[in-house]
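Note sheet for the following structure.
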Amino acid sequence: MILKNKKLIPVAIFGVLIAIAMLIRMNPPETPQRPAFSGPSMTVETTPVLPRDYQIMLQSYGTVQPRTRSMLVAQVGGQIVEINENVRDGGFFEKGDVLGRIDPRDYEADVQISQASLADAKQALAEAIARSEQAREDWERLGNEGEPSDLVLRIPQLEAARARVDSAESALTKAKLDLERTSIVAPFAGRVIRKLVDIGQVVGPNAQLAEIYATDVIEIRLPLRNRDLGFIDLPESYRYVDADDAAGIDAIIKSDLIGEEEWQAKLVRTEGTIDESARQLHVIAQILDPFGPQSEGRSPLKIGQYVTAEIEGRMLPGVLVIPNNTIYQGTYVYTVEDGILRRRDIEIAWQNDFEAVVRSGLEPGVDLVTTPLGQVTSGIRVTVMGAESRGGRRNGPPGDQPPGAAATRANNAGGTQ
């Protein structure tokens, strides 16, 4: 009996399980339902992208160099007996200033010797002329017929006497030039880079006395990025630029060596070759009269000083310009269309450190998202910050925008940064 009951236990358990399963099937448990999605999942700021005229300003850099740089040398030798007090490293001088003197006494003596030689040559010439005339008179008095020969008239001796006079005059001219060259005269208004000699030093001809440069114009060699070449009209032929010249390409030279300082410059020429090391084209900017009135209140420019430049490029009419902080990975942006976030692939025509000119991918009037976004999916619903109070999805006037929106709009609609 006990054995029979043990066999019925598994059957009973199986039956109970079947009954429970049937009850669950007939009365399934209720699963709580999530509420239906009824609104946007995130809030963003937007600004309308509107076409406007945009002035391209190219960025570059370079070092200050003089247009005219020379090594002042002695044309005659001797002991230096005088040095201009301005002939010091960094000293200024004007054109025609005597920068130094070489002992002139030897050259004064040479002038006197040359003058005496010239006087002797002139006396010899006068005697030769008199003998030639006397020879013609003797020929005629003796009743000789025909024209006397040059030897009879002493013509070779006469020509030799004239040549000696010419030689003596040339020697005197050279002696006077050597005497004049004992005074070392400034060939232009300029500044001393470094002085190489001083009083009492004996120098020979062509000895280097000082390195100088002209202060009328300085130049800066500026490289241009290859992608910028299509946005500037390069000065392919050299043109002289004066202070009143309104034409040409303007540039602003900046330096922060001693505070923020600026100088007005113009591009005057383009180099004829591509720089082999940088593989870039260089243009030359000139600053006129850098130590004149425009330098008042600023530290004088130094040769070799590093500067940056903003170069005026072309004016682009009716282009779309957007802030760089709205561009992701350099290829796409986000817009809001009918409350939906959309990813837009764009192509950039030109870009600086702050904003970009869009070639394609956006249409005028589209609402550009200016809120920084992380990993988001295109197609989600969003709400535009402040849209409820304005009754629309676009940003209104800056006064109606939340903090930060007006600054974003100003960055997008402003001029060159």
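Overview of results
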| read-out | value |
| --- | --- |
| Model label zone, Val81; criterion: amide N under 18 Å from point 7 Å along Cα-to-beta-carbon; scope the stretch 111-135 | 111-113 |
| Zone residues, the stretch 298-321, relative to Arg221, backbone N less than 13 Å from point 7 Å out along Cα-to-Cβ | 304 |
| Near-label residues of the stretch 286-329 by backbone N, under 11 Å of a point 7 Å along Cα→Cβ of Glu211 | 304 |
| Low-density loop cleavage sites - chymotrypsin sites (Phe, Trp or Tyr not before Pro) in the stretch 269-357, where at most 14 other Cβ are within 10 Å (DSSP) | Phe354 |
| Relative packing of 195-208, 109-122, which averages over residues the other C-beta atoms within 10 Å, highest first | 109-122, 195-208 |
| Total formal charge among the other residues, if their Cβ is under 13 angstrom from that of Pro104, Lys/Arg +1 and Asp/Glu -1 | -3 |
| Ranked packing of 164-173, 369-378, most packed first, by mean Cβ within 10 Å | 164-173, 369-378 |
| Virtual spin-label span in nm between Thr273 and Glu94, 7 Å along Cα→Cβ | 4.2 nm |
| Rounded, prolate or oblate (a/c below 1.5 giving rounded, otherwise prolate when a/b exceeds b/c) for the stretch 105-181 by Cα gyration tensor | prolate |
| Of Lys95/Lys176; Lys195/Lys266; Lys266/Lys302, pairs whose Cα-Cα distance is over 25 Å | Lys195/Lys266 |
| The stretch 105-181 - percent relative contact order, Cα under 8 Å, separation 6 or more | 55 percent |
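Computed from the coordinates by the stated procedures, all read-outs in this text should not be read as laboratory data. It should be emphasised that the depicted structure is a prediction, and the values quoted were computed from it without experimental measurement. When we count neighbours, we look across all protein chains shown, and the Cβ atoms used for this are built from the backbone with ideal geometry, even at glycine.
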